[in-house]
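Have a look at the structure below before the remarks.
The values are calculated or read from the model by the stated rules, or taken from the named source; none is laboratory data. Because the structure is a prediction, the values reported are computed rather than measured. Neighbour counts run over all protein chains shown; Cβ positions are idealised from the backbone, glycine included.
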Amino acid sequence: MSFFSSFRRQAVACSMVLLSGGFALAQGSGEVWPMPTSFPAPPADVPAATFPLPRLDWPARVANTNDRAQKLADSIQLIFDGDSITDGWQGRGKQIWADRYARFGAFDFAIGGDRTQHLLWRLSQGQVDHLRPKLVAVMIGTNNLGNNESVEDTIAGVKTVVAEYRKRCPDAVVLLQAIFPRGEEPGHPLRAKVQEVNKQIAKLADGGKVVYIDFGDRFLQPDGTISAEIMPDFLHLSEKGYGIWADAIQPVIDQYLKDSRP
């Protein structure tokens with residue numbers, strides 16, 4: 001049995017366990033009842049980063065977001081997904097989002113704190129069902145590393161996310177973005193781990209439906225440090241940081257969505 005066949009089998013089993021335990025999202029209401037107190041752990045032979053699991057603190061948000069996306073399905077040409085850094089497009093990056101991406105019916109599914117397994121669970125819950133985006137911009141994995149998951153498992157998780165988006169949005173191009181550098185100093189212990197993950201996920205680029213871009217060096221000072229002006233906590237972006245991000249991916253946006261401009 002292949003890894004992905006095994007993965008799908010385990011994901012279905014997980015969903016059945018959740019349902020049998022009384023976990024359900026009320027359709028269209030965003031309510032969750034009854035709220036479970038725990039979820040099953042991944043099987044020992046399956047990397048946690050590749051096994052779809054929800055978080056106890058956000059099922060209602062996922063349900064509401066999915067409901068909102070379905071109502072806008074016909075207009076969504078551009079999707080962003082990931083963790084708090086991508087979620088920040090609706091905060092510090094909100095004005096840039098309005099100026100650059102709103103015209104494409106852009107939709108941001110990202111949730112702060114998410115790891116690859118959480119994004120996979122969101123996808124398993126119909127997040128992009130009936131959506132036909134032209135471009136899907138994904139960045140995920142920094143929270144896996146920050147929660148002491150291994151480099152290898154984080155890579156496997158990112159690979160699985162890309163595979164799932166390719167399966168669920170087959171006509172879209174996946175814009176896979178390298179994980180941003182983090183930590184003020186170049187010697188921060190997570191810097192090397194981020195670089196190793198990026199080195200490996202870069203190989204997912206296929207010259208067609210998966211485009212990879214790494215612009216992390218744009219956030220660094222000449223000495224390799226990160227300025228608080230760009231990342232106030234050396235992880236999350238300031239408004240200036242979102243401007244750097246937007247400029248870096250604009251050529252890709254123009255390439256795949258230029259014909260959609262009003």
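What to note about this one:
- Taken over the range 59-80, residues that are of a type outside the set (D, E, K, R) and surrounded by fewer than 19 Cβ atoms within 10 Å (Cβ to Cβ) amount to 6.
- Selection count where residues are on the phi > 0 side of the Ramachandran plot, crowded, with 16+ Cβ neighbours inside 10 Å and out of contact with any helix residue (DSSP H, G or I) (no Cβ under 8 Å at 6 or more places or on another chain), scope the range 92-150: 0
- Among the residues of the range 73-88, those identified as among the β-branched types (Val, Ile, Thr) and either touching a Ser or Thr at 6+ places or on another chain (Cβ under 9 Å) or closer than 11 Å to residue 169 by Cβ (or both) are 76, 79, 85.
- Here residue 39 meets the list (1) closer than 30 Å to residue 149 by Cα; (2) surrounded by fewer than 18 Cβ atoms within 10 Å (Cβ to Cβ); (3) at pLDDT 95 or above almost entirely, failing just condition (3).
- Residue match in the range 220-238 (condition: in contact with a strand residue (DSSP E or B) (Cβ under 6 Å, 6 or more places away or on another chain) and closer than 19 Å to residue 136 by Cα): no
- Scan of the range 63-90 for residues that are assigned to a helix (DSSP H, G or I), under 20 Å from residue 250 (Cβ atoms) and either at pLDDT below 95 or touching a strand residue (DSSP E or B) at 6+ places or on another chain (Cβ under 7 Å) (or both), ordered by number: 85, 86, 89, 90
- Residues of the range 192-213 satisfying the condition of being of a type outside the set (A, V, I, L, M, F, W, C), in a helix (DSSP H, G or I) and surrounded by fewer than 17 Cβ atoms within 10 Å (Cβ to Cβ): 195, 196, 199, 200, 203
Residue-wise test of (1) over 24 Å from residue 48 (Cα atoms); (2) in contact (Cβ under 8 Å) with a residue 24 or more places away in the chain; (3) under 15 Å from the mean Cα position of the chain (by Cα).
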residue	(1), (2), (3)
173	yes, yes, yes
196	no, yes, no
222	yes, no, no
231	yes, yes, no
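- Every condition in (1) surrounded by fewer than 22 Cβ atoms within 10 Å (Cβ to Cβ); (2) farther than 21 Å from residue 216 by Cβ holds for residue 159 except the one numbered (2).
- Residue 207 being within 29 Å of residue 148 (Cβ to Cβ) and without any contact (Cβ under 8 Å) to a residue 60 or more places away in the chain: no
- Matching residues, the range 226-262, being buried (at least 17 other Cβ atoms within 10 Å of the Cβ) and either among the aromatic types (Phe, Trp, Tyr) or closer than 14 Å to residue 183 by Cα (or both): 226, 230, 231, 234, 235, 236, 237, 242, 245, 256
- Qualifying residue in the range 227-245 (condition: of a type in the set (A, V, I, L, M), in a helix (DSSP H, G or I) and closer than 21 Å to residue 84 by Cα): yes
- Residue satisfying condition, being part of a strand (DSSP E or B) and either touching a Leu at 6+ places or on another chain (Cβ under 9 Å) or under 18 Å from residue 54 (Cβ atoms) (or both), within set 137, 110: 137
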